[in-house]
Amino acid sequence: MKLFTQYNRITLWVLVLTFLLSSLAYYFLMRSLLFQELDKSLVKIERRIEDYVQVHHAFPVVEPLDDLRMSYTEVSQGGSPSFRRIPPTKGKNSDNIRELTFFMRSDQRWYKVTVSRTLEGMKATAQMVMRTAGVTLFVIIVASVLVNRLVFRRLWQPFYASISAIGQFQLGKGNGMDLPDTKIEEFNFMNDQFRKMAGNVNKEYFILKEFTENASHEMQTPLAIIRSKLDLAIQDHGLSEIQSVTLQSAYASVKKLTSLNRSLLLIAKISNNQYSDSTGINIKDKLYDKIIQFQELWKDKLRVSYDLGDAEINANPDLVDILLNNLFSNASKHNIPDGEVILHLTGTALEIKNTGRPEPLDETRMFQRFYKGSPQDESNGLGLAILKQICDLSGITPSYSFSGNIHAFTLQWARPGR
């Protein structure tokens, strides 16, 4: 739900509740004022009757009027004056009545005088109040909606422009966020915080990128020298058997360390978005190139079959090359003697199957770093982690399945331009 919609709902409910309560309060206030005025008019009539009796020693003649009624009844003794409201009679076309009862003495006798007036104005007043409240509420609601749509949307334009600028911000490009200038203090404060955040993120990114590049250069060179020296030492014919075994073990460890270092640096570069450039890639041609590269490795060891359709993807060429290398290497390393590799390519999916161990991989952990399918696996356990990172960056969805000693990896992506 949008902020505008939520705000409008709250505002409308508050307006409706406020006007309902105000209308009720206004109605009862008007009712009280009308009662007071009506009671005053009845008291005036009482005084006029008293004055008339003092002068004429008789009660005035009762003349039927539209809203005034009077009656005189002889009683044994007097009493206090009182007001009361007489509700309309059910089934009859009558109105509410306000009645004043008081007592007078004339010719040594007590009389109860009743003066009443109808409250027909109260009904009209109530209807007027409700109509006025309804019209006013409708006008306020319409005005509120128009104000929210026309004014608030304009006021919030800088906010949406800032959000759009954040979405277009590219890490490592060196350019800051193009945030709009605004006269609203809160939005200026938000934009200042965004600029500081972008500056700090860029600074940390370049520091990490520089470390990765330095580590790649400074660590690969000594490792290459160590491998070269060990290679020369192993070829020395004067070595004893124990020395030869020791050197070969050291050479294998250095080779493994070199591979591990290269894989970790690759993961760091991918995480730092150093492969952000993308272009259209013909996957079919890439697969044919990889098949030729691995042909010598597969010769007389594995049976390879493939069915390649036309397919294209927008991605970084270097990452796609690394991705296919990992898939082909895994299908070769984790195969069995006289095994099989099957490739199937459609417009939006690539499936690579290979025979292998009779146990499936752990699908909950297979894409984690340093995961190995078995303790005897000599790989560094980073191949599938790299595959997953490349897929996430390239908009590819990887999946794994196992059936009948066949391990299958499937990559799916959207057609370019969609």
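The residues of segment 387-399 that are open to solvent by 10 Å² or more (accessible area, probe 1.4 Å) and in contact (Cβ under 8 Å) with a residue 40 or more places away in the chain, listed by number, are 389, 393, 394, 395, 396.
Residues being over 48 Å from the mean Cα position of the chain (by Cα) and open to solvent by 30 Å² or more (accessible area, probe 1.4 Å) are represented in segment 276-295 by at least one member. Residues in segment 87-104: is at least one at pLDDT 80 or above, in contact with a Leu (Cβ under 7 Å, 6 or more places away or on another chain) and open to solvent by 60 Å² or more (accessible area, probe 1.4 Å)? No, because not a single residue in segment 87-104 is at pLDDT 80 or above, in contact with a Leu (Cβ under 7 Å, 6 or more places away or on another chain) and open to solvent by 60 Å² or more (accessible area, probe 1.4 Å). Within segment 241-259, is even one residue free of Cβ contacts under 8 Å to residues at least 60 places away in the same chain and aromatic (Phe, Trp, Tyr)? Looking through segment 241-259, at least one residue is free of Cβ contacts under 8 Å to residues at least 60 places away in the same chain and aromatic (Phe, Trp, Tyr). Entry remark, segment 153-171: residues being part of a helix (DSSP H, G or I) and open to solvent by 50 Å² or more (accessible area, probe 1.4 Å) number 11 in total. Within segment 318-331, residues that are open to solvent by less than 10 Å² (accessible area, probe 1.4 Å) reach partners that are assigned to a helix (DSSP H, G or I) and acidic (Asp, Glu) with beta carbons closer than 9 Å, at six or more positions or on different chains, in the pairs 324/289. Yes or no: residue 284 of a type in the set (D, E, K, R) and closer than 23 Å to residue 324 by Cβ? Yes. A count restricted to segment 397-418 and to residues that are under 29 Å from the mean Cα position of the chain (by Cα), farther than 18 Å from residue 367 by Cα and either modelled with pLDDT of 90 or more or among the hydroxyl-bearing types (Ser, Thr, Tyr) (or both) stands at 1. In segment 346-365, the residues that are closer than 27 Å to residue 320 by Cβ and assigned by TED's automatic domain parsing to the domain that holds residue 408 form Cβ pairs under 9 Å with partners that are of a type in the set (Lys, Arg) and open to solvent by 50 Å² or more (accessible area, probe 1.4 Å), at six or more places apart or across chains, as follows: 347/415; 348/415.
The values are calculated or read from the model by the stated rules, or taken from the named source; none is laboratory data. Nothing here was measured: the structure is a model prediction, and the numbers come from that model. Cβ: placed from backbone, ideal geometry, glycine included. Neighbour counts: every protein chain shown. What goes into the accessible areas is simple: the full protein's heavy atoms, side chains included, and nothing from ligands, DNA or RNA. Shrake-Rupley method; radii C 1.70, N 1.55, O 1.52, S 1.80 Å.
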